[in-house]
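Heads up: the structure comes next, in structure tokens.
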């Protein structure tokens, strides 16, 4: 019989008490306990998607998550599991073997790249004498440190409370005693665990009310944008795919863009002008990751509202990463949960980090992607991806050309002739339409080919009743 209990003697910190701060530079051991192929199949689609990855890539990602909050990763150790033990996740021999390593290396924190039950977490902490966190706890820790806006902070707290609440069930045995009937909260016979569960729920309800207020404010902002309508182009992709670097390259902004997982958590939006004059709102979003905790998917849905409502999604992929296809599947799964995958005509795949490819692979991918880097229009209806380097700028003209071509599907084109003295009308066209072509006669008469968004077409035709239709949508 195992010396580790499966449902007893689990003591976690009560709600409201300070969290144990994971200090920067803590000596950390990252363990990847991955079931072998002949082990019991995973229950969730997320786990199945993760199995597409190599063990080395999965372990490297786990170490990257730990490094993202400045932990000193002493070693990243893969373990092949034939069976998951209910008490400690690992077998007793493994637990004892790792105890020696932890002591010898003076490890202060163990990160388990899996989902641990409260019982498993506590038993491992008792066996090893150090703090243990699982993948979900590590991601929550990262999100808690990175969120900077009021909305992001509330969402992280809500997700953390949901995680904490799930760990109250049959695990806090020191809370099983009954409370008396004193005070304003808790009636006679209410156990401490019930009281703590209620306290967590009350705090979550308050946060949800605050989030509703924040969401309404964001809705007002979106409606105000709709009054001066610009298309929304949202960047999505696996964490560390280079979305923020691409965002900066396209908008000339200065959003945090570092080679780390989850460098961006709070959504950022900027207006930027396309080469032919069209103004778009570019939105940078939180990166996706395999096995993203379900409470975070729900909590961060509000930050992904721009993604849900976007006219175009730029799915940014790190094509230099060995598991780029598996990462793309994870992103697709989250988009499915947001109800976006069915609108695949809105998605443009952006193959980023071309500068990190060797010449043979770069040539191969370039042959599969859009090769028109001069802003031509022959690829208008193509579904081919766009190979770019957000760092060097390679492929960005082809990308902006593709964005314009995709937007053009819902826009009509017209020919306009202006007398040389009509500068006001010319200025209006440059401010409110895409100028596709411009020619001037010797006498100064200007011939323009322009494209107009549907919501501005009526105003355009009112100002330019003599415009000739070149292309009509619908």
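Within the range 201-211, the presence of a residue that is more than 25 Å from the chain's Cα centre (by Cα) and at pLDDT below 85 is excluded. Can you find a residue that is modelled with pLDDT of 85 or more, crowded, with 19+ Cβ neighbours inside 10 Å, within 26 Å of residue 156 (Cβ to Cβ) and not assigned by TED's automatic domain parsing to the domain that holds residue 159 anywhere in the range 299-312? There is no residue in the range 299-312 that is modelled with pLDDT of 85 or more, crowded, with 19+ Cβ neighbours inside 10 Å, within 26 Å of residue 156 (Cβ to Cβ) and not assigned by TED's automatic domain parsing to the domain that holds residue 159.
Residue 76 meets the conditions (1) in a strand (DSSP E or B); (2) loosely packed, with under 14 Cβ neighbours inside 10 Å; (3) under 26 Å from the mean Cα position of the chain (by Cα) in every case but one. The failed one is (2). The single condition among (1) buried (at least 19 other Cβ atoms within 10 Å of the Cβ); (2) in a strand (DSSP E or B) that residue 406 does not satisfy is (2). Collect the residues in the range 25-56 that are farther than 21 Å from residue 323 by Cα, modelled with pLDDT of 65 or more and out of contact with any helix residue (DSSP H, G or I) (no Cβ under 9 Å at 6 or more places or on another chain), keeping them in residue-number order. Once the filter is applied, which keeps residues that are farther than 21 Å from residue 323 by Cα, modelled with pLDDT of 65 or more and out of contact with any helix residue (DSSP H, G or I) (no Cβ under 9 Å at 6 or more places or on another chain), the range 25-56 yields 25, 26, 27. So residue 434 clears everything in (1) modelled with pLDDT under 85; (2) closer than 24 Å to residue 273 by Cβ; (3) under 29 Å from the mean Cα position of the chain (by Cα) except one condition, right? Which one? Result: residue 434 passes all but (3). Here residue 240 meets the list (1) under 10 Å from the mean Cα position of the chain (by Cα); (2) surrounded by fewer than 22 Cβ atoms within 10 Å (Cβ to Cβ); (3) at pLDDT 70 or above almost entirely, failing just condition (2).
Name the residues in the range 79-114 that are assigned to a strand (DSSP E or B) and within 14 Å of residue 133 (Cα to Cα), would you?
89, 109, 110, 111, 112
The values are calculated or read from the model by the stated rules, or taken from the named source; none is laboratory data. Predicted model only: the values in this text are computed from it and were never measured. For neighbour counting, all protein chains shown are included, and Cβ atoms are generated from backbone atoms with ideal geometry for every residue, glycine included.
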